[in-house]
1. Which whole-number percentage describes the relative contact order of the chain, with Cα contacts under 8 Å and a sequence gap of 6 or more?
2. Give me the extension gain from L255 to D274: residue separation times 0.36 nm, minus the current Cα-Cα distance, reported in nm with one decimal.
3. Could you report the chain's accessible area per residue, 1.4 Å probe, as an integer in Å²?
4. Residues of region 361-386 with the amide nitrogen closer than 19 Å to a label point 7 Å from the Cα of D307, along Cα-to-Cβ, please.
5. Decide, for region 336-390, between rounded, prolate and oblate: order the square roots of the alpha carbon gyration tensor eigenvalues as a ≥ b ≥ c, take rounded if a/c falls under 1.5, and otherwise choose prolate if a/b is larger than b/c, else oblate.
6. Return a whole-number percent for the relative contact order of region 184-299, with Cα pairs under 8 Å and 6 or more residues apart as the contact set.
7. Using Cα-Cα distances under 8 Å and only pairs 6 or more residues apart, what relative contact order does region 102-161 have, in percent?
8. Using 31 Å as the Cα-Cα cut-off, could you pick out the over-long pairs in K300/K370; K174/K250; K87/K381; K38/K381; K78/K342?
Amino acid sequence: MRRMAKTAVLGALAAALSVGMLVSCGGKQSGSSGNVIKIGVFEPMTGANAAGGALEVEGIKLANELYPTVTVGGKEYKVELVIADNKSDKVEAANAAQRLVDAEKVKLILGSWGSGFSIAAGPIVQDAQVPAIGLSCTNPLVTQGNPFYFRVCFIDPFQGTVMANYAYKNENAKTAVLIREVSNDYSVGLSKFFSDTFKQLTGDSNCILAELNYNTGDQDFTAQLTTIKSVNPDVIFAPGNYTESALIMKQARELGIQAKFLGGDTWETPELIDVGKEAVEGCVLSTFFDAQGATSELAKTFLSKYDEKYHKEPAAVTALGFDGYRLALDAIARAGTLDTVKIKDALAQTKGFDGVAGTVTLDKNGDATKSAFIKTVKDGKFSYMTIVNP
């Protein structure tokens, strides 16, 4: 996915298809100039991760409606969103990012839901010198060694530590099993951080009783669950895509497995509950935001406007989409120019930026230090449990 040669081979086809792959919002159509700034939105709008991408786009679009312009060097510009579908695929992710920087000439890119897609796009934005802001992509490799990629969310070493501590301290767990979506960089990385911390907490190098794998799109988990039933762990850590995770929990309960399921931020979509139904009751996950902790005036405005537009409670990644767009405008304004390298430099200097999902200060790697919210599924809804500060 990192190889530029593959991107170049697909370039002609990608250009031919770009009309169907790109959607312009909030301004003139593609190819506009003058008083318009283009911001690319790079998300899975179709495929296995489409629900996650849609949630982030909701937050971005709402922010664009509330903040449709930005002043740069004394001149006001209208912000146009150009949405590129990465199709829940790493090769398509690189192609989508390439179209945004080459054909659309965007000044900044937001996204993507799914760390693997963001990692695939990393070399594209770096080579083009166009800054990108990840919203919920938590794998450290997204920003590592890439001065043009930033993010407004916490990263997996913190999230894995949070969930390992929860397992050990709140569930009194001494043993665990890992179920990894092996084709998903996020799932593999987060599982490792959980495992490392859990071993330290228990003082037992053998506390992980099994490490089991599956692929994105799998629907039958009998083999993995038979192993889990035989080793009988205290908890099962299974971070992965919401659909497969829900099916795993559903099939586990059908086999009589009663161990607590723990996961990460990707679980917080309505689809987890729609697919898993009563089988996901009591599962515990870490995430980025909860409306109960939204006390600032900005957060209240976000919640009110979101309810008016979508008539539901926002997911955590929706709040991050809202924050990412606002941070993009803030950096462009601070840069005082449309030069993308200068915009990157302004982003790198971000300190104390007030967001709906918490204050954003970016470290030397471009990562945000943020608190984690712990939630469970109770009575068919995501329910706040506690907050863990870094």
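The values are calculated or read from the model by the stated rules, or taken from the named source; none is laboratory data. Everything numeric here is computed off the predicted structure, so don't read it as measured data. Every residue, glycine as well, gets a Cβ built from its backbone with ideal geometry; the counts of neighbours run over all protein chains shown. Quick note on the areas: whole protein, heavy atoms, side chains included, nothing else; ligands and nucleic acids left out. Shrake-Rupley method; radii C 1.70, N 1.55, O 1.52, S 1.80 Å.
1. Working: 848 pairs, mean separation 65.0, N = 390.
Computed value for the chain: 17 percent relative contact order.
2. Details: separation 19, 0.36 × 19 = 6.84 nm, distance 2.00 nm.
Going from the current span to full extension adds 4.8 nm.
3. Computed with neighbouring chains in place, this is 39 Å² per residue.
4. 381-384
5. Numbers: a/c = 3.86, a/b = 2.70, b/c = 1.43.
Cα axes put region 336-390 in the prolate bin.
6. Numbers: 124 pairs, mean separation 25.1, N = 116.
Relative contact order, region 184-299: 22 percent.
7. Values: 95 pairs, mean separation 19.3, N = 60.
Dividing the mean separation by the residue count of region 102-161 yields 32 percent.
8. Numbers: K300/K370 19 Å; K174/K250 24 Å; K87/K381 28 Å; K38/K381 37 Å; K78/K342 19 Å.
Going by Cα-Cα distance, K38/K381 fall outside the 31 Å limit.
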